[in-house]
1. How many angstrom separate the Cα center of the range 285-350 from the Cα center of the range 58-114?
2. Checking the a/c ratio against 1.5 first, then a/b against b/c, what shape does the Cα gyration tensor give for the range 60-121?
3. Which ³J(HN,Hα) values in Hz, rounded to whole numbers, follow from the phi angles of the range 205-215 under the Karplus curve 6.51 cos²θ - 1.76 cosθ + 1.60, where θ = phi - 60° and Gly and Pro get x?
4. Ranked highest first by the average count of other Cβ atoms within 10 Å around their residues, in what order do 106-116, 274-284 fall?
5. Express in whole angstrom the spacing between the alpha-carbon centres of the range 180-239 and the range 117-154.
6. Roughly how many debye, to the nearest 20, is the charge dipole of the chain about its Cα centre, given +1 on each Lys and Arg Cβ, -1 on each Asp and Glu Cβ, and no other charges?
7. Extension gain V40-R131, at 0.36 nm per residue separation less the Cα-Cα distance, in nm?
8. According to the Kirkwood expression over distinct Cα-Cα pairs, how big is the hydrodynamic radius of the chain, in Å?
Amino acid sequence: MSRLGVAILGATGMVGQIYVRMLSAHPWFEIKAVTGNSTVGKTLREAYRGKGHVPEKYADLEVLPSDPSKIDADLIFSCLPTKSSREVEPKFAAAGFPVVSDSSAHRYWPDVPLIIPEVNPEHLDLIDVQRKRRGWDGYIVTTPNCTTVGFALPLKPLVDDFGLKYVNIVTMQAISGAGYNGVPSMAILGNIIPYIDGEEPKVAEEPRKILGTLTNGEVKPLDVEIDATCMRVPTVVGHLEAVHVELGRDASVEEVMDSMAGFTGLPQKLELPTAPRRPIQVFVDDERPQPRIDAEAGDVPGMVVYTGRVRKGRRPGTVMFVTLSHNLIRGAAGSAILTAELLYALRRLR
Ligand SMILES: NC(=O)c1ccc[n+]([C@@H]2O[C@H](COP(=O)([O-])OP(=O)(O)OC[C@H]3O[C@@H](n4cnc5c(N)ncnc54)[C@H](OP(=O)(O)O)[C@@H]3O)[C@@H](O)[C@H]2O)c1
């Protein structure tokens, strides 16, 4: 199998560094180019100084501007800030590149797939609609918000097995979720901030698209209401979320746990390199999952979503649980790499 050359737009940021690490030993993808903003012209080694380790094989790559004419690659991973993604990603798609993006800029476009590979791989058919409508040789595929993945993935088996009427979620989100320069240390150390600008509408809307049905080139969102309260807490990685759901029918705790723990999707069937054997693991120990212990655990570190504390609510048909996901891996770079592996396996990469 010949390896595909990839470029990472925004390679020097929190998410970009995870891409570089995860792709340093990838069986199908090889990094050919990296881009940035303030670090353009530096090597990755210089750009990373004080921020993290750069794998030796990529340390001397020069940071380029995010300009399609300067990039030679078969596939683009974009983890640019929203504003630059809005401008840059369509230029790459128009220039013929497949773009897999972690940014929110194009997630809500009706012809852009918003993908959790285990949940809605069939939505990748929107690529054909997008290319036709926009006249692009390339395309844009997006991954969800880092908070969305952690609960939309465990909701999938619940939707399939019991139906879903309502979701209330309260999040405890790590500081790395805000990027390298995101939250001032004086604001977050020893503190909790009960608001994250722009987060709650994303968390309330994205699962409806992801869990929706694709018919005649359009996604019909899942008919479920979601209320969200998003908070920033002083953990470094791993978003912990307390979820309260009203199911379509009453279900026992055991049924709910079995439904989540037994769930697998197309990436597992295809044995994609970044697919964990079981995407959702369920703790019975009441003190788990915990960000420090569990966020980066699992057979593919950071790709497993851990749930726990599954219990019945007081009203019939209601269930509560806690879920944890690694915001930079399952919530960003890992999700995008798994999506790209799926595109490759489905022969949607040149
Ligand atoms: N952090 C998370 O948990 C997470 C999870 C899911 C999705 N995301 C999304 O992923 C994206 C990146 O997040 P992050 O946390 O990695 O942010 P970050 O740490 O602030 O990194 C931003 C990166 O983008 C580059 N950049 C900034 N402005 C640019 C511009 N005008 N043109 C080109 N490149 C530019 C920076 O380059 P220089 O270093 O050279 O300035 C850096 O490489 C955002 O859209 C974010 O919403 C983040």
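We did not get these values from a lab; they are worked out from the coordinates using the rules stated. Small disclaimer: the values here were computed from a predicted structure and weren't measured. Glycine gets a Cβ as well: all are built from the backbone with ideal geometry, and neighbour counts include every protein chain shown.
1. The distance from the Cα centre of the range 285-350 to that of the range 58-114 comes to 25 Å.
2. The shape class here is prolate.
3. Those phi angles translate into 9, 4, x, 5, 6, 4, 8, x, 10, 8, 9 Hz.
4. On the way: 106-116: 22.1, 274-284: 20.4.
Highest to lowest by the protection proxy: 106-116, 274-284.
5. Here the answer is 17 Å between Cα centres.
6. It works out to roughly 520 debye.
7. 29.7 nm
8. Mean inverse Cα-Cα distance, inverted, gives 20.3 Å.
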